[in-house]
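All of the numbers you see were taken from the coordinates with simple rules; none came from a lab. None of the values given here were measured: they were computed from a predicted structure. Using ideal geometry, Cβ is built from the backbone for each residue, glycine included, and neighbour counts are taken over all protein chains shown.
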Amino acid sequence: MKNSYFLFLGISFLFISVLDYFHLIVYPGMNIISLSGPNASTQFWISARLMQALSFLIAPRFFKRTLHVYRTIIIYALVTAALLICIIYFRNFPTTYVPGIGMTQFKNAAEVVISVVFATAMVLLSRYRSRLNNSLLLFLKLSFLLTILSEFFFTSYVSIFNMESVIGHLIRLSAYYMFYKAIIEIGLSQPYQLLFLETEELSLRKDEFINIASHEIKNPLTVIKLYAEHLNKNLKPVLDAKNRQALSQIDRQTDVINHMVNDMLDASRITTGKLSVVPAPCYVDEIIKNTVTEMRQIISDHRIVVHIQPHIRLYGDIDRLHQVFTNLIANAAKYSPPGKRIIVTLKQQRSRAIITVQDFGQGIPREHQGHIFEKYYRTPQGEQTAAGLGLGLYLSREIITRHSGRIWLKSTMGKGTTFFISLPIK
Ligand code: ADP
């Protein structure tokens with residue numbers, strides 16, 4: 001996984017905790033190591049906070065980049081070692097506490113810088129919100145805010161033993177708790193949600209690409225189609241049979257590509273919520289009759305039989321319903337052997353129009369029946385039989401649902417498939 005945000009933070013926390021450990025053991029009240037009194041303890045505190053704030057500032061870079069783990073560990077180890085040497089051995093880290101006077105200006109300025117870095121890290125994190133789960137982002141931000149608040153208490157105390165210091169530490173504790181909630185509870189116990197967000201983003205990018213590519217293909221395709229029609233009209237009388245067939249193949253195949261491109265554009269319109277379905281009063285029997293007439297010209301090796309009850313009026317988008325019926329009849333032809341019948345029926349059942357498209361083809365295995373309305377879904381049998389994108393039924397279901405209708409199927413392997421559509425009559 002490319003997202004190394006948490007891995008980077010994990011490494012940084014390992015070294016921050018080393019500094020925090022020294023902050024604790026050199027603290028005068030602990031009586032473990034005695035250095036320069038509270039000064040060294042506060043120096044470790046400031047170093048740890050600065051390292052933490054900077055780590056949070058850098059971490060979002062690794063939402064997109066792969067982390068060089070060993071290189072990161074070495075850099076953190078070197079910085080931590082340098083700080084330890086400066087504070088314990090050379091004692092040349094700027095003074096943070098002077099007994100009798102209190103915290104130095106350096107210490108207070110450092111706390112302000114730390115707060116500003118935390119605030120910047122928080123703003124930066126918001127830019128990557130699409131990569132984080134909402135509650136994780138909320139807990140991380142709360143943790144940042146509490147950290148900034150605790151810094152405020154640490155700048156306002158004089159002695160390290162007084163009330164502000166205690167409150168500061170308590171707030172810092174709650175900041176750690178929020179961080180724990182974000183990383184451990186959400187990041188680790190529900191990591192699939194983070195993965196899901198990544199997959200979702202990839203899928204959005206793929207949709208975007210398909211959308212742009214389809215638009216680009218559509219323009220030259222329209223030109224090819226126009227010229228093919230032009231040549232068909234003007235050259236047909238003078239061409240011999242072979243060339244005439246070649247020309248009509250160009251025309252027909254252009255229609256096939258056009259159909260695929262339109263399906264891809266419609267699928268991306270569904271994703272962006274821009275698929276237009278504009279219902280108006282219409283006769284569904286007319287739409288079916290027109291579709292069948294059109295399909296009879298395209299499908300020559302199947303017999304399309306119709307049983308249609310006339311004058312069924314409903315509220316529908318003529319072009320979109322035509323698209324659905326075309327797809328079902330085209331599928332019936334695609335997935336059944338030549339010579340077989342395709343039966344299309346329409347009848348009124350109480351307040352609904354019921355349309356069926358039946359074929360006598362290969363059938364759809366039971367385990368795939370629940371999936372074939374999904375985007376890009378194709379059955380292995382379907383893939384072997386004919387080319388397709390697996391978008392027709394996905395679009396059909398969306399269009400029918402937008403008409404407050406329902407689409408379903410019954411299929412028996414080796415015997416055939418019937419698709420049913422139920423639409424409300426107005
Ligand atoms: P496409 O036909 O382009 O693959 P569809 O969304 O129209 O896309 O259909 C999805 C899949 O459902 C097809 O690939 C095929 O496997 C299966 N399918 C659809 N209609 C039929 C049918 N009438 N008979 C058998 N399988 C079908």
Next item on the list: On each of the three principal axes of the Cα atoms of the stretch 250-343, give max minus min coordinate, whole Å, ordered largest first.
Entry: 40, 36, 22
Next item on the list: Filter the cross-link list K218/K347; K64/K107; K225/K334; K375/K415; K289/K415; K274/K410 down to pairs whose alpha-carbon distance in this structure exceeds 28 Å.
Entry: K218/K347; K64/K107; K274/K410
Check: Of all the Cα-Cα pairs you can form in the chain, what percent are over 26 Å apart?
Finding: 69
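Ratio of the stretch 207-366's C-alpha Rg to 2.2 N^0.38 Å, to two decimals?
1.21
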Next item on the list: Work out how far the C-alpha atoms of the stretch 21-152 reach from end to end along every principal axis, then list the three figures in whole Å, largest first.
Entry: 50, 34, 24
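What's the Cα-based Rg to Rh of the stretch 40-90, Rh via Kirkwood?
1.06
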Next item on the list: Would you calculate the volume per residue, in Å³, of the smallest convex hull containing every Cα atom of the stretch 191-275?
Entry: 90
Next item on the list: Can you check what the Kirkwood hydrodynamic radius comes to for the stretch 324-416, Cα pairs only, in Å to one decimal?
Entry: 13.9
Note to self: Could you tell me which residue out of F153, I399, L204 lies farthest along the dipole of the chain toward its positive end? Charges go on the beta carbon: Lys and Arg +1, Asp and Glu -1, centred on the Cα centre.
What the structure shows: I399
Note to self: Using a Förster radius of 35 Å, what is the FRET efficiency between L173 and E208 based on their Cβ-Cβ separation? Nearest 0.05, please.
What the structure shows: 0.20
Note to self: Using DSSP to call loops (not H, G, I, E or B), can you name the trypsin sites (Lys or Arg not before Pro) in the stretch 345-391 whose Cβ has at most 13 other Cβ atoms within 10 angstrom?
What the structure shows: R350
